[in-house]
Structure formats: C-alpha cells, structure tokens
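S.K.: Here it is: the structure, laid out below.
The values are calculated or read from the model by the stated rules, or taken from the named source; none is laboratory data. Given the structure is predicted, the values throughout are model-derived calculations rather than measurements. A quick note on method: Cβ atoms are made from the backbone with ideal geometry, for glycine too, and the neighbour counts reach across all protein chains shown.
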Amino acid sequence: MNSILSRAGGRATCGSQARRFPATIGRFDAPADRAIIDGLVHWVEARYAEDLAKRPSKHVYVTTLPASVTAEIDRLRDSPIIRTLIAREVPAGSTIAPMKHTDELYLSHYNKDRGGDQGLFDKHYDGNLRFLASSIVVRALIYLQSDDTYKVVFADSHVEKAFTSYEFGLLDFHRELHWVEGTFNPADRHRLLLKCNYLVTLPGGAAFGRVALAANTAVFYVVKAAMEYSKSPRSPAQIAVGFLCNLFRRLNIIHPALPLVLVAGGLAPLAGAIGYGVSFL
C-alpha cells in the first residue's frame with residue numbers, strides 16, 4: 001500500500017484568499033507503483049544516455065514522450081495518494097485539475113554557473129503569481145531515482161528532506177521558498193524526477209479558473225524557455241538571458257511584482273519608440 005510519510009503546516013481554510021499549500025512528503029510503497037518507477041528509470045537512462053553524461057540539467061515536456069511512457073507516468077501523477085494529500089490541505093469543495101500540458105521529466109545535475117538553470121538550486125519561488133487569491137498551484141516532485149546526497153529545503157513550511165527513489169514532495173508553486181543543498185558528484189546515481197502540476201481552484205473561484213490556468217501556463221512556458229536557452233551560457237545573448245533569469249529570481253523573492261515592473265519599465269520605452277517611428281510612416 002502507498003504510505004504517507006509526513007505532512008507539514010496547517011490545513012488551508014475556506015475563504016476567498018488562497019493560503020500557502022504546506023510542503024508535504026510522501027512515498028510510493030505499492031509494488032506495482034515501484035515497478036512502474038523502475039521501468040521509467042530504465043527507459044530514461046537508455047533514451048537520454050547522452051544527456052545524462054553532460055553537466056547541465058535537462059527538462060523534457062511529458063507531452064513529447066512516447067504514448068506508452070506517458071501512460072506509465074499517468075499512473076503515478078494520477079495516483080490517489082497524491083490526490084488525497086492535496087485534498088487534505090485545501091478547503092473542502094476545491095477543484096483539483098491536473099495541468100498535464102506543463103508536466104516535465106527532469107534530469108537534474110547540480111549546476112551553479114550563473115546560467116538559467118542555477119535558479120533550480122538557489123533560493124527561489126517556482127512562480128510569481130502569489131497574488132492570485134482564487135487558486136493554488138501544487139507541484140509534485142516525484143523522484144524516480146535519487147539518493148540522499150542532496151537536501152531540499154522548503155523554507156516557508158520549515159521542512160527539509162533528502163529525497164530518495166520512490167519518494168515525492170508536494171509544494172506550493174508560487175508561495176514556497178525553497179532550494180537544494182549539496183555538491184555535484186559525477187559518481188552519484190542520476191537524479192531523475194517528474195515535475196507534475198495541479199491547479200487547485202478554491203470554492204467560489206470558478207469564474208477565475210480560466211484566467212488562472214492561462215496565467216500559470218504563460219509563466220511555465222516563458223520562464224522555462226528562458227532557463228533552457230541560457231543554461232551553461234556561452235554566447236553573449238545566453239549570458240544576458242541567464243543574468244536576467246537570476247536577477248528576476250532574486251527580485252521575486254523580495255516581491256512578485258518587481259520582475260513585472262522591471263519588464264514593463266523596459267518595454268514601455270521600446271513601445272514608445274516604435275510608436276514614435278510609426279507615426280512618421
């Protein structure tokens with residue numbers, strides 16, 4: 001039987017204001033689930049052998065994987081244990097909807113070289129939509145393979161965990177400050193994860209559900225594209241984007257509006273210049 005290892009923090013309360021989802025730790029114990037995980041690890045290590053030999057981390061959208069592999073992943077991300085743990089910490093009557101179009105297979109190499117993927121290990125919030133009051137995005141980090149040489153710190157929930165194979169962590173995508181502590185060792189087993197996301201719409205928030213889904217999807221795709229482009233940067237453009245990724249990450253810790261203000265401050269003069277030029281056409 002699947003087992004629940006621990007829960008942290010308090011239960012979310014009903015009302016119009018979203019509360020932080022507390023970091024929650026679980027584990028797949030059922031033999032059938034572990035067999036699925038073992039099979040996925042074997043497939044990943046064969047399919048991505050070349051990528052695993054390189055230093056940068058790699059993200060692959062689950063939607064791009066073969067249908068047979070996706071079907072096995074579905075059995076994990078749709079597992080009742082994950083649904084139950086999420087439901088226990090959100091108000092009764094909330095709607096839990098998988099965001100499968102944003103889910104990823106993650107080949108993790110601890111990497112701090114000022115590139116876009118450094119933010120995966122430094123202190124960070126995954127998202128910057130903490131102001132959305134009608135919804136919560138819960139991210140599941142499902143560890144297909146890992147040893148205890150790295151520790152994940154969930155600062156807001158006061159939880160620390162060195163994840164090993166078959167374990168998973170749930171966190172609030174926008175409201176949990178977290179980071180990874182460890183030192184890269186090429187002799188360690190490959191750290192292979194699934195990143196699966198769930199949009200929790202609180203009671204009374206259905207009218208804003210589509211807006212929340214669109215906003216979160218935009219954040220996922222834009223941020224991920226920038227991080228992937230600038231990991232282990234070599235060209236001046238990659239270095240510049242990597243710098244911005246890390247700058248925005250630090251600003252987001254201070255306040256989620258600061259990256260938006262900075263972007264708007266840069267786009268406004270550009271839009272003005274374009275408008276001025278067009279007026280002469």
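S.K.: Taking the stated definitions as given, is Ser57 at pLDDT below 95 and buried (at least 18 other Cβ atoms within 10 Å of the Cβ)?
M.R.: Working: at pLDDT below 95: yes; buried (at least 18 other Cβ atoms within 10 Å of the Cβ): yes.
Yes: the conditions hold for Ser57.
S.K.: Could you check, for the range 24-44, whether at least one of its residues is at pLDDT below 95, under 21 Å from the mean Cα position of the chain (by Cα), crowded, with 19+ Cβ neighbours inside 10 Å and not in a strand (DSSP E or B)?
M.R.: For the range 24-44, residues at pLDDT below 95, under 21 Å from the mean Cα position of the chain (by Cα), crowded, with 19+ Cβ neighbours inside 10 Å and not in a strand (DSSP E or B): absent.
S.K.: Follow-up. Return the residue satisfying two criteria in turn: it lies in the range 220-257 and is over 12 Å from Asn128 (Cβ atoms) and in contact with a Phe, Trp or Tyr (Cβ under 7 Å, 6 or more places away or on another chain), and of such residues it is surrounded by the fewest Cβ atoms within 10 Å (Cβ to Cβ).
M.R.: Per the criteria, the residue is Gln238.
S.K.: Which residues, taken from the range 71-102, are in contact (Cβ under 8 Å) with a residue 60 or more places away in the chain and of a type in the set (Gly, Ala, Ser)?
M.R.: Ser79, Ala92, Gly93, Ser94, Ala97
S.K.: Yes or no: Arg234 at pLDDT below 85 and in a loop (DSSP other than H, G, I, E, B)?
M.R.: Here the answer is yes, as Arg234 does meet what is asked.
S.K.: For the range 165-177, what are the residues that are closer than 17 Å to Arg249 by Cβ and touching a residue at least 60 places away in the same chain (Cβ under 8 Å)?
M.R.: Step one: filter the range 165-177 for residues closer than 17 Å to Arg249 by Cβ, giving 171-177.
Across the range 165-177, the qualifying residues are Leu171, Asp172, His174, Arg175, Glu176, Leu177.
S.K.: Can you say whether Val180 is touching a residue at least 60 places away in the same chain (Cβ under 8 Å), within 24 Å of His255 (Cα to Cα) and touching an Asp or Glu at 6+ places or on another chain (Cβ under 9 Å), as far as the supplied structure shows? First the steps, then the outcome.
M.R.: Numbers: touching a residue at least 60 places away in the same chain (Cβ under 8 Å): yes; within 24 Å of His255 (Cα to Cα): yes; touching an Asp or Glu at 6+ places or on another chain (Cβ under 9 Å): yes.
So Val180 fits the description; yes.
S.K.: Right, next: Take the range 75-92 and flag every residue that is surrounded by fewer than 16 Cβ atoms within 10 Å (Cβ to Cβ) and at pLDDT 95 or above.
M.R.: Arg75, Asp78, Pro80, Arg83, Thr84, Ala87, Arg88
S.K.: Still on this structure, I have one more. For the range 196-219, what are the residues that are crowded, with 20+ Cβ neighbours inside 10 Å and of a type outside the set (Gly, Ala, Ser)? Break it down stepwise before answering.
M.R.: First, the residues of the range 196-219 that are crowded, with 20+ Cβ neighbours inside 10 Å: 196-202, 205, 212, 216.
Once the filter is applied, which keeps residues that are crowded, with 20+ Cβ neighbours inside 10 Å and of a type outside the set (Gly, Ala, Ser), the range 196-219 yields Cys196, Asn197, Tyr198, Leu199, Val200, Thr201, Leu202, Asn216.
S.K.: What number goes with the only condition from (1) in contact with a Phe, Trp or Tyr (Cβ under 9 Å, 6 or more places away or on another chain); (2) touching a residue at least 40 places away in the same chain (Cβ under 8 Å); (3) of a type outside the set (Val, Ile, Thr) that Ala162 does not pass?
M.R.: The number of the failed condition is (2).
S.K.: Check every one of the strands (runs of 3 or more DSSP E) wholly within the range 104-205 and list those with 2 or more residues that are touching a strand residue (DSSP E or B) at 6+ places or on another chain (Cβ under 8 Å), modelled with pLDDT of 95 or more and charged (D, E, K, R). Before you say what the answer is, go through the steps one by one.
M.R.: Numbers: elements: 104-108, 135-145, 151-154, 159-161, 167-172, 178-181, 191-201.
Per the criteria, 159-161, 167-172.
S.K.: If you don't mind, there's one more thing I want to ask. Tyr143 - would you say it is closer than 11 Å to Arg191 by Cβ and either buried (at least 22 other Cβ atoms within 10 Å of the Cβ) or of a type in the set (D, E, K, R) (or both)?
M.R.: Answer is yes for this residue.
S.K.: Continuing with this model, one more query. Out of Thr95, Thr70, report the one residue that is at pLDDT 95 or above, more than 16 Å from the chain's Cα centre (by Cα) and not charged (D, E, K, R).
M.R.: Thr70
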